[in-house]
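Only one structure is covered here, and it is reproduced in the block below.
Each value in this text was obtained by applying a stated rule to the coordinates, not by laboratory testing. Just so it is clear, the model here is predicted, and its values are computed rather than measured.
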Amino acid sequence: MTELKACPFCGKQTATVKHSRNWGYFVSCQCTAVGPGRATAQAAKDAWNKRTEPAQAVLPL
């Protein structure tokens with residue numbers, strides 16, 4: 001089973017998977033951050049854990 005990463009907004013480990021009739025499965029944090037709705041709990045976890053790397057700063061010469 002996939003463990004959830006810390007919230008990208010508050011940094012806490014308080015996120016949990018929830019389910020609603022309208023959204024399907026989604027991850028929600030106590031800071032009110034919400035991940036995208038998905039058809040399965042595993043897909044919601046995967047979407048929450050997906051992070052992009054920050055772009056490298058290009059400094060002028």
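Some notes on this structure:
- Among Thr32, Thr16, Thr40, the residue with the largest mean-square fluctuation in a Gaussian network model of the chain, with springs joining Cα atoms closer than 10 Å, is Thr32.
- Rg to Rh, two decimals, where the chain supplies the alpha carbon set and Rh follows Kirkwood: 1.13
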